Amino acid sequence: MSFLPSGTFRKKHWIALIRVLGLLVILGMVIAFNSHSPDSTSVQNPVQVESQHQAHGPSIVRLSKAALVDLDLKTVVIDDDTTHEIISTTGEIKADPSQLFPISSFAQGRVIQDNAQLGDYFKQGQTLSVVQNEGVIQAQATFIHELHKNEIDIKQAKTRLELAEQSLQREQQLFSEGISPKKDLEAAQNNYALAQAALLGEKEHTTHIRSEAKALLSAYGVNTASIHSEKIYSGSPVIAPKSGVVLEKNITLGSIVTPQTVMYTLANLNRVWLDLTVYAKDYAKIRPGAVVRFTLDSLPNQTFTGTINYLPPQAVPSGQTFIARAFLNNANHVFKPGMFVSAHIETPLSETLPFIPTQAVQRYQNGTFVFEVLSPGVFRKQTVVLGQKVGDGYVVKEGLEIGKKIVTQGSFTLKAEMLKGEFEEGGH
């Protein structure tokens, strides 16, 4: 018996084998087709980059829905509300001249007491120094002498008045008893009246002596309350006419001064000036009310804000620059005359320009650009020309229009994805 397959069996076997091979070929073609389909590409590469012949690389970036969720992009519509031109400059804190008080001595003499140092604060009426003066000594000595003489005269007048009163009482008694004539009574009455007038005159003379001494000593700056004492003061005090800080000091202990010598300058620093240097090309752009933000060289990490209050009509003596002045409230005396500042004056732009946040700005290969939103998931790399930096953003001179939507948060990540796609594209 033979076990070899018959011819019919072999024929059926080959047909089945051909069918299996055909199915495998068709399956392979389907797999190959699917591997190049758009859906498959989006799974393998969620970011597509398209070149539109820009000088700095691809222009359009497309993101899949999944990529949009992962990147968590934030956008903003371009506005112009905060557009200002910034004028950068320097300046100096100065005292208000109307609040400067030059102080001199009323008398000529030598400084025998000096209580003031630069920067010290004095209240109105406090003594800064004392100047020795012979006129003060003489005036007090004369006053004390005249006062003592007047006191003696008053005592004598009182004694005469007492005697006149006793004589009058005796004559009144004798006249009532009919012993003394009326003319003696009248004489006693006249003597009593004269004694009263003499005492009153001496008391008025006391007032005159004191008033004269007060006037004379006040001219030397001596506190008139002290003239009631018999102690003689040899010095003329130099008194603070207003409350303020010692801004200038031109004397030391032992200095010889005259009424023309400016010994000190006190300054009320509750309000100071900020004088900013402005070049002629910028001067016309500034108006009173313009905001100025500045930092002090001594406090570089703190920013202060003021307002331009005054623009002098003339240039500084050199003729090359002008002054823009701000009045600063300074109740805490943070600002001190002589401090230098770095400042930025904000002036309205002559034309309306777009303003974009700093976060939206990207740079690559000497190019500056942002990502403009064309539609959900579709972004265009838009080259821009930046102008002044204002606060937390920039004015855009070229490349964008007001009302366009751009990417802010995630802009850097989007740039990275764009560059990644560019490199992959270049590798094929």
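The values are calculated or read from the model by the stated rules, or taken from the named source; none is laboratory data. No experiment lies behind these values; they were computed from the predicted model shown. A quick note on method: Cβ atoms are made from the backbone with ideal geometry, for glycine too, and the neighbour counts reach across all protein chains shown.
Odds and ends about this structure:
- Strands (runs of 3 or more DSSP E) fully within region 351-420 counting 2 or more residues that are more than 14 Å from residue 76 (Cβ to Cβ): 362-364, 367-375, 378-383, 385-390, 393-398
- One residue stands out in region 284-304 among those that are free of Cβ contacts under 8 Å to residues at least 60 places away in the same chain and part of a loop (DSSP other than H, G, I, E, B): the one that is surrounded by the fewest Cβ atoms within 10 Å (Cβ to Cβ), namely 289.
- Qualifying residue in region 344-357 (condition: at pLDDT 90 or above and not assigned by TED's automatic domain parsing to the domain that holds residue 72): yes
- Condition check for residue 341: at pLDDT below 85, closer than 30 Å to residue 275 by Cβ and crowded, with 20+ Cβ neighbours inside 10 Å: no
- Of the residues 275, 297, the single one that is modelled with pLDDT under 90 and within 25 Å of residue 324 (Cα to Cα) is 297.
- Selection within region 300-323: residues that are in contact with a strand residue (DSSP E or B) (Cβ under 8 Å, 6 or more places away or on another chain) and among the small types (Gly, Ala, Ser). The member of this set that is farthest from residue 279 (Cα to Cα) is 306.
- Across region 128-154, the number of residues qualifying as closer than 26 Å to residue 117 by Cα and part of a helix (DSSP H, G or I) comes to 1.
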